[in-house]
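Peer 1: Let me give you the structure first, and then I'll get to my questions.
The values are calculated or read from the model by the stated rules, or taken from the named source; none is laboratory data. Please read these numbers as outputs of a predicted model, since none were measured by experiment. Because the Cβ atoms are built from the backbone with ideal geometry, glycine has one as well, and the counts that use them run over all protein chains shown.
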Amino acid sequence: MATRENSNLEVMKTYKLFIGGSFPRTESGRYYPIRKKNGDLLANVCLSSRKDFRNAVVAARKAQSAWAGRSAYNRSQIIYRIAEMLQQSEDSLVQEMVSLGYTPKNAKEEFDYSVDYLVHYSGWCDKFSQMHSTVNPVASSHFNFSNPEPMGVIGAFAAERRALIGVLEAFVPAICGGNTVVLLASHKLPTCSITLAEILAISDVPGGVVNILTGEREELLSHFTSHMDVNAFQIWDASKEESFVIDQNSTENLKRVRLYKSSIRTRLSPYRILDLQEVKTTWHPIENISGSGASY
Amino acid sequence: MAKAKKDNDWNLAPAPESTGHVKIDKKYDLFIGGKFVPPTAKKYFETVNPATEKILSQVAEAGQKDVDKAVKAARKAYDTVWSKMPPVERSKYIFRIARLIQERAREFAIIESIDGGKPIRESRDVDVPLAAAHFFYHAGWADKLNYAFPNAEVSSLGVVGQIIPWNFPLLMAAWKIAPALACGNTVVLKPAETTPLTALKLAELFMDAGLPDGVVNIITGAGSTGQALVEHSDIDKIAFTGSTQVGKMIKRSLAGKSTRLTLELGGKAANIIFEDSAIDQAVEGVVNGIYFNQGHVCCAGSRLFVEESISSEFIRKLKHRMDHLILGDPLDKNTDIGAINSEGQLNTIQSYLEAGEKDGFEMYQSNVAVPKKGFWCRPTLFTHVSQSSVISKEEIFGPVLAMQTFRTIDEVIDKANNTPYGLSAGVWTDKGSKIFNLTTKLKAGVVWANTFNKFDPTSPFGGYKESGFGREGGLHGLSAYLKITG
């Protein structure tokens, strides 16, 4: 496909990173090549550095409180908007997945499921907290309630073998609940994550809410897990060695750690949103004015 | 005990609680497999009354072999009895425990005050009734767990190791044991080395309740016993309440293992007073926030933020209130401030007092005499401290309050959240919209508005950030003791 016709050379896309709503190249100037089955170059993607990661955390932190402060209705619409924008990119994304080695059937199946996944979680934004908040019947004269709140900035390593749904899993439940995310895409199948970033950029997702890096797990794992301004870390298909490093490094700021296994049809569940929420409990006295039981 | 007060209108006659009814054995063994057994190494340590420095009893020190025995007993009980029992039967055992605690409440309160130094008014009105309430509340969950997490499957975890601190010895045991049992797990509990007695009394009570052997095992000892429990290979979950430093050590030592973990750690809570608050109530709330239980409270309101416009009036009223706190015999029903839990803790607190003075902050201590014997610390207030000072950053775990002022809401939110801790916070204002602005922005697991230091078994408790993870109490607390697939 590199030379469709001599007179009409294909314009190849430069795959960059997605940080704070912009598309910078890695500051390190490093890259690694992704090749099609036939050996042709598909892209030179960025080999992100620690500095890129740290910049992304700054962007994610800056965006977090405003994102959490948006109404659940608004977050819901934005995630639905991602589904709309994804749907219209079907041809190019399926084509890209095929270039990465998917069969057309598998590519189509993962694509369709990805759209459904977004639609599903879009609807959770303004419902999960209703289902998992409580008014607690304390024995004293207080009004007491517990509700979920976003943890803050989430670091994520996406599933290695899922080019598209793996990226969505790594940020959609997180942003549903008002978190912002810095994620590292699959090393072998990284390009769809950047194409998805281009979709996010036209889906009203505020800059910094989702930040996407490409690079090597091994190089970035210790940085993701030891960063003091990252509140939680989630990873798909962690090896034993990786999970040891994660536990060790996450101790310093008591990062919340979530380990998942990838599957073709990843589970649709509000519990994935709750995995990245803190529970806050609020108390206030109730004044009892008169013996008749009336109070204001 | 006559109190020599320099300036206190309340010269109340002593009103000590009678201890005649209470029996403390000379020696306590380990509670393993439903009976008391001596420790393998035959080692015992002393537990003392911090108000008199008198030795109360000798308590067994569990070594690695004892820990292993306890875990095996818990595993056996889990496999053969507890996990197989119909949930409603489990529920009935836990209800029974709640009732037995209520019946023996006075005895438990007295022993708690003797062993730990807390005022009888608190152990009688807070610790013991809440401990009973925790068993009663969780008992009812045992056969209703499927309703707690919609559309998810829940199951018990197995054997749970629990390590608890010395500030609320019986209450912490109840917070840990009740939900663990209700969710179908069996338990190995390690109480703190300075306050083992009420947990051992609880073991006696479990025998009276007919709780099947090995469902709860109680092993006493210090840090090394706790470490052996954490490192045991047949533990499914560790629940720890204590310092952030030890919590982090536990997390590191579990690295790469599948053992589940919840941590309820330290705090440095902000208690924020706005000029439009009910000032006298706020003063009372601040006193309750920091001087309750001698400040040995992980969620204590140890950082006070007062709006600048009312700061001098507030400080005057606070000092006046501090001067009327009665310090002394924990068993006296008039006592507000009891003994510091141990000599070691007293030394820690004193090093912070020195650090605060060295930093040049003005220190005020209440105008009260302290008894000659025992471990005591006067209620202390540092005014106009700096945000970066040691006494406003580190958890002191004593009756020491560090005060700052503020001018704007944004400023006080920034200052309040500028800490690695996130366990609790307090807000005092009569304006509802301001309350919700703050309660949503404060990064803390429990926020008290126009109140402080309130606890209830139905109310989830636990921290953000380095105050730990997981919740205890309420519906949300059940998830700490269940496998939830949903």
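Peer 1: Quick test for you: out of B:I340, B:I349, pick the one residue that is in contact with a Cys (Cβ under 6 Å, 6 or more places away or on another chain) and assigned to a loop (DSSP other than H, G, I, E, B).
Peer 2: Numbers: B:I349 fails: assigned to a loop (DSSP other than H, G, I, E, B).
The unique qualifying residue is B:I340.
Peer 1: From the list A:T282, A:T195, pick out the single residue that is more than 14 Å from chain B (Cβ to nearest Cβ), buried (at least 16 other Cβ atoms within 10 Å of the Cβ) and in contact (Cβ under 8 Å) with a residue 60 or more places away in the chain. Walk me through how you get there before you give the answer.
Peer 2: Values: A:T282 fails: more than 14 Å from chain B (Cβ to nearest Cβ).
Selected residue: A:T195, the only one of A:T282, A:T195 that is more than 14 Å from chain B (Cβ to nearest Cβ), buried (at least 16 other Cβ atoms within 10 Å of the Cβ) and in contact (Cβ under 8 Å) with a residue 60 or more places away in the chain.
Peer 1: Taking B:A449 and the conditions (1) surrounded by fewer than 19 Cβ atoms within 10 Å (Cβ to Cβ); (2) among the small types (G, A, S); (3) modelled with pLDDT of 95 or more, which numbered condition does it fall short on, given that it satisfies the others?
Peer 2: The failed condition is (1).
Peer 1: Also, quick follow-up: Sort out which residues of the stretch A:126-140 are facing another protein chain (nearest Cβ under 10 Å), among the small types (G, A, S) and out of contact with any Lys or Arg (no Cβ under 7 Å at 6 or more places or on another chain), and write them in order of number. Don't jump to the end; show me each part of the working.
Peer 2: Here is the first cut: in the stretch A:126-140, the ones facing another protein chain (nearest Cβ under 10 Å) are A:131-140.
Okay, now just the ones that are also among the small types (G, A, S), so A:133, A:139-140.
Scanning the stretch A:126-140 gives A:S133, A:A139.
Peer 1: Assess whether B:G117 counts as being away from chain A (no Cβ under 14 Å) and surrounded by fewer than 24 Cβ atoms within 10 Å (Cβ to Cβ). Spell out the reasoning first.
Peer 2: On the way: away from chain A (no Cβ under 14 Å): yes; surrounded by fewer than 24 Cβ atoms within 10 Å (Cβ to Cβ): no.
No, not satisfied.
Peer 1: Output the residues belonging to the stretch B:475-486 that are in a helix (DSSP H, G or I) and surrounded by fewer than 24 Cβ atoms within 10 Å (Cβ to Cβ).
Peer 2: Looking only at the stretch B:475-486, we keep the residues that are in a helix (DSSP H, G or I), and these are B:475-481.
Within the stretch B:475-486, B:L475, B:L478, B:S479 qualify.
Peer 1: From the set of residues in the stretch B:267-285 that are part of a loop (DSSP other than H, G, I, E, B) and within 14 Å of chain A (Cβ to nearest Cβ), which is surrounded by the fewest Cβ atoms within 10 Å (Cβ to Cβ)?
Peer 2: Of the stretch B:267-285, the ones part of a loop (DSSP other than H, G, I, E, B) are B:267-269, B:274-278.
In the following step, the residues that additionally are within 14 Å of chain A (Cβ to nearest Cβ) were identified as B:267, B:269, B:277-278.
Details: B:G267: 31, B:A269: 33, B:S277: 23, B:A278: 13.
Checked the stretch B:267-285; the qualifying residue surrounded by the fewest Cβ atoms within 10 Å (Cβ to Cβ) is B:A278.
Peer 1: Now for a different question. Considering only residues of the stretch A:209-255 that are assigned to a loop (DSSP other than H, G, I, E, B) and among the hydrophobic types (A, V, I, L, M, F, W, C), which is surrounded by the fewest Cβ atoms within 10 Å (Cβ to Cβ)?
Peer 2: In the first step, residues of the stretch A:209-255 are kept if they are assigned to a loop (DSSP other than H, G, I, E, B); the result is A:209, A:214-216, A:227-231, A:237-239, A:251-255.
Still in the list and also among the hydrophobic types (A, V, I, L, M, F, W, C): A:209, A:228, A:230, A:238, A:254.
Values: A:V209: 25, A:M228: 11, A:V230: 25, A:A238: 20, A:L254: 24.
Checking each candidate, the answer is A:M228.
Peer 1: Could you please give the count of residues in the stretch B:436-446 that are surrounded by fewer than 23 Cβ atoms within 10 Å (Cβ to Cβ) and at the interface with chain A (Cβ under 7 Å from one of its Cβ atoms)?
Peer 2: Residues that pass the stated criteria total 1.
Peer 1: For the stretch B:227-234, indicate whether the set of residues that are at positive phi and either without any contact (Cβ under 8 Å) to a residue 24 or more places away in the chain or of a type in the set (S, T, Y) (or both) is non-empty. Reasoning before the result, please.
Peer 2: Taking the stretch B:227-234 first, the residues at positive phi are none.
No, the stretch B:227-234 has no match at all.
Peer 1: A follow-up question, please. Got a number for residues in the stretch B:336-360 being in contact with a strand residue (DSSP E or B) (Cβ under 6 Å, 6 or more places away or on another chain) and surrounded by fewer than 19 Cβ atoms within 10 Å (Cβ to Cβ)?
Peer 2: 1
Peer 1: Moving on. Do we find that B:T451 is facing chain A (nearest Cβ under 8 Å) and outside any helix (DSSP H, G or I) in this structure?
Peer 2: Working: facing chain A (nearest Cβ under 8 Å): yes; outside any helix (DSSP H, G or I): yes.
Yes.
Peer 1: Could we say that A:Y271 is surrounded by fewer than 20 Cβ atoms within 10 Å (Cβ to Cβ) and more than 10 Å from chain B (Cβ to nearest Cβ) here?
Peer 2: On the way: surrounded by fewer than 20 Cβ atoms within 10 Å (Cβ to Cβ): yes; more than 10 Å from chain B (Cβ to nearest Cβ): no.
When the stated conditions are applied, A:Y271 does not pass them.
Peer 1: Just for helices (runs of 4 or more DSSP H) wholly inside the stretch B:22-117: which have at least 2 residues that are in the same structural domain as B:N185 (by TED's automatic domain parsing) and closer than 28 Å to B:P129 by Cβ? I'd like the intermediate steps shown before the answer.
Peer 2: On the way: elements: B:64-77, B:87-103, B:105-116.
Counting at least 2 such residues, we get B:87-103, B:105-116.
Peer 1: Let me ask something else about it. Do we have any residue at all in the stretch A:4-23 that's on the phi > 0 side of the Ramachandran plot and at pLDDT 95 or above? Give the derivation first.
Peer 2: Restricting attention to the stretch A:4-23, the residues satisfying the condition of being on the phi > 0 side of the Ramachandran plot are A:20-21.
If we keep only those that are at pLDDT 95 or above as well, we get A:20-21.
Yes; the residues of the stretch A:4-23 include at least one that is on the phi > 0 side of the Ramachandran plot and at pLDDT 95 or above.
Peer 1: Only residues that are over 21 Å from A:S186 (Cβ atoms), surrounded by fewer than 20 Cβ atoms within 10 Å (Cβ to Cβ) and either of a type in the set (A, V, I, L, M) or touching a strand residue (DSSP E or B) at 6+ places or on another chain (Cβ under 9 Å) (or both): list them for the stretch A:44-67, please.
Peer 2: If the condition is that a residue be over 21 Å from A:S186 (Cβ atoms), surrounded by fewer than 20 Cβ atoms within 10 Å (Cβ to Cβ) and either of a type in the set (A, V, I, L, M) or touching a strand residue (DSSP E or B) at 6+ places or on another chain (Cβ under 9 Å) (or both), then A:V58, A:R61, A:K62, A:A66 are the ones that fit.
Listed here are the residues, each with its yes/no results for (1) buried (at least 24 other Cβ atoms within 10 Å of the Cβ); (2) under 20 Å from the mean Cα position of the chain (by Cα); (3) at pLDDT 95 or above; (4) more than 14 Å from chain A (Cβ to nearest Cβ).
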{"site": "B:M249", "(1), (2), (3), (4)": "no, yes, yes, no"}
{"site": "B:R260", "(1), (2), (3), (4)": "no, no, yes, no"}
{"site": "B:L265", "(1), (2), (3), (4)": "yes, yes, yes, no"}
{"site": "B:G289", "(1), (2), (3), (4)": "yes, yes, yes, no"}
{"site": "B:V306", "(1), (2), (3), (4)": "yes, no, yes, yes"}
{"site": "B:S311", "(1), (2), (3), (4)": "no, no, yes, yes"}
{"site": "B:P330", "(1), (2), (3), (4)": "yes, yes, yes, yes"}
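Peer 1: Sticking with this one: Within the stretch B:284-325, count every residue that is of a type outside the set (G, A, S) and touching a Phe, Trp or Tyr at 6+ places or on another chain (Cβ under 7 Å).
Peer 2: Filtering the stretch B:284-325 down to residues of a type outside the set (G, A, S) leaves B:284, B:286-288, B:290-294, B:296-299, B:303-308, B:310, B:313-325.
Of the ones still in play, those that are also touching a Phe, Trp or Tyr at 6+ places or on another chain (Cβ under 7 Å) are B:288, B:296, B:305-308, B:319, B:324-325.
Qualifying residue count, the stretch B:284-325: 9.
Peer 1: Would you mind finding the one in B:D414, B:D456, B:D430, B:D410 that is surrounded by fewer than 22 Cβ atoms within 10 Å (Cβ to Cβ) and part of a loop (DSSP other than H, G, I, E, B)?
Peer 2: Details: B:D414 fails: part of a loop (DSSP other than H, G, I, E, B); B:D456 fails: surrounded by fewer than 22 Cβ atoms within 10 Å (Cβ to Cβ); B:D410 fails: part of a loop (DSSP other than H, G, I, E, B).
Just one listed residue meets the conditions, B:D430.
Peer 1: Return a yes/no flag: does the stretch B:269-283 have any residue that is of a type in the set (A, V, I, L, M) and under 20 Å from the mean Cα position of the chain (by Cα).
Peer 2: Let us first name the residues in the stretch B:269-283 that are of a type in the set (A, V, I, L, M), namely B:269-270, B:272-273, B:278-279, B:282-283.
With the extra rule that they be under 20 Å from the mean Cα position of the chain (by Cα), the set shrinks to B:269-270.
Yes, that holds for at least one residue.
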